[in-house]
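K.L.:
Have a look at this one before I ask anything.
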Amino acid sequence: MAAPFEGDTITLTGLECFAYHGVFDHERERGQRFVIDVTVDVDLRAASRSDDLGQTIHYGELAEAVVASVERDPVDLLETLAERVAATVLLSAAARATRVTVHKPDAPITVPFADVSVTIVRGRS
């Protein structure tokens, strides 16, 4: 597996999604906001030399794919959702590894809090 994040990266921060994930029925019925941060480990040397989008990852398309993966069928855990997003990112041949953070700022927590999130790092096997 490639060592993650030892070189070039592309980062998308704060992708907002509305989805129906969660353990509780009311989360799956009403839905809620999720915020996704993705960093992709990618070698950008060829793209910078050629100035060719085909040599890198189109971050607009990546953003759309990530949001679509979050808005798909519901899961209970943020961990499961983060794995799904990582798998989506790694579909790009240029992606060597990814760091995915899934934020659930409106989680049903009974004490005051600013955010809850799960972060995973995944690479190619």
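K.L.:
Give me the pairs: first residue in region 12-35 and hydroxyl-bearing (Ser, Thr, Tyr), second residue outside any strand (DSSP E or B), beta-carbon distance under 6 Å, and six or more apart or on different chains, which are they?
P.N.:
Going by the 6 Å Cβ cut-off, the qualifying pairs are Tyr20/Arg28; Tyr20/Gly31; Tyr20/Pro74.
K.L.:
Then there's this: Sort out which residues of region 56-74 are surrounded by fewer than 18 Cβ atoms within 10 Å (Cβ to Cβ) and either charged (D, E, K, R) or touching a residue at least 24 places away in the same chain (Cβ under 8 Å) (or both), and write them in order of number.
P.N.:
Answer for region 56-74, where residues must be surrounded by fewer than 18 Cβ atoms within 10 Å (Cβ to Cβ) and either charged (D, E, K, R) or touching a residue at least 24 places away in the same chain (Cβ under 8 Å) (or both): Tyr59, Glu61, Ala63, Glu64, Ala65, Glu71, Arg72, Asp73, Pro74.
K.L.:
Separate question: Being at pLDDT 95 or above and either surrounded by fewer than 18 Cβ atoms within 10 Å (Cβ to Cβ) or out of contact with any helix residue (DSSP H, G or I) (no Cβ under 9 Å at 6 or more places or on another chain) (or both) narrows it down to one residue among Asp52, Asp106, Asp41; which is it?
P.N.:
Just one listed residue meets the conditions, Asp41.
K.L.:
In region 29-60, which residues are in a loop (DSSP other than H, G, I, E, B) and not aliphatic (A, V, I, L, M)?
P.N.:
Hits for region 29-60 are Gly31, Asp43, Asp51, Asp52, Thr56, His58.
K.L.:
Please verify whether Gln32 is surrounded by 17 or more Cβ atoms within 10 Å (Cβ to Cβ) and farther than 16 Å from Thr11 by Cα, treating the condition exactly as stated.
P.N.:
Taking the combined requirement at face value, the residue satisfies it.
K.L.:
Considering only residues that are under 9 Å from the mean Cα position of the chain (by Cα) and either of a type outside the set (A, V, I, L, M) or modelled with pLDDT under 95 (or both), look in region 90-103 and name the one that is surrounded by the fewest Cβ atoms within 10 Å (Cβ to Cβ).
P.N.:
Result: Thr101.
K.L.:
Given (1) more than 30 Å from Pro108 (Cα to Cα); (2) out of contact with any Ser or Thr (no Cβ under 7 Å at 6 or more places or on another chain), identify the lone condition not met by Thr13.
P.N.:
(1)
K.L.:
Among the residues in region 110-118, are any under 12 Å from Asp37 (Cα atoms), assigned to a strand (DSSP E or B) and not small (Gly, Ala, Ser)?
P.N.:
Yes, there is a match, as at least one residue in region 110-118 is under 12 Å from Asp37 (Cα atoms), assigned to a strand (DSSP E or B) and not small (Gly, Ala, Ser).
K.L.:
Could you tell me which of the residues Ser92, Ser125 is assigned to a loop (DSSP other than H, G, I, E, B), closer than 27 Å to Thr56 by Cα, out of contact with any Pro (no Cβ under 8 Å at 6 or more places or on another chain) and touching a residue at least 60 places away in the same chain (Cβ under 8 Å)?
P.N.:
Exactly one of Ser92, Ser125 is assigned to a loop (DSSP other than H, G, I, E, B), closer than 27 Å to Thr56 by Cα, out of contact with any Pro (no Cβ under 8 Å at 6 or more places or on another chain) and touching a residue at least 60 places away in the same chain (Cβ under 8 Å), namely Ser125.
K.L.:
Ok, one more. If I filter region 33-55 for residues that are acidic (Asp, Glu), in contact with a Lys or Arg (Cβ under 6 Å, 6 or more places away or on another chain) and within 30 Å of Val116 (Cβ to Cβ), do I get at least one hit?
P.N.:
yes
K.L.:
Provide a single number: the residues in region 79-89 that are among the aliphatic types (A, V, I, L, M) and either in a loop (DSSP other than H, G, I, E, B) or surrounded by fewer than 16 Cβ atoms within 10 Å (Cβ to Cβ) (or both).
P.N.:
1
K.L.:
So, one more: Any idea which of (1) loosely packed, with under 12 Cβ neighbours inside 10 Å; (2) among the small types (Gly, Ala, Ser); (3) more than 17 Å from the chain's Cα centre (by Cα) is the one Ala47 doesn't satisfy?
P.N.:
(1)
The values are calculated or read from the model by the stated rules, or taken from the named source; none is laboratory data. Just so it is clear, the model here is predicted, and its values are computed rather than measured. As a convention, Cβ positions derive from the backbone with ideal geometry for all residues, glycine included, and neighbour counts pool all protein chains shown.
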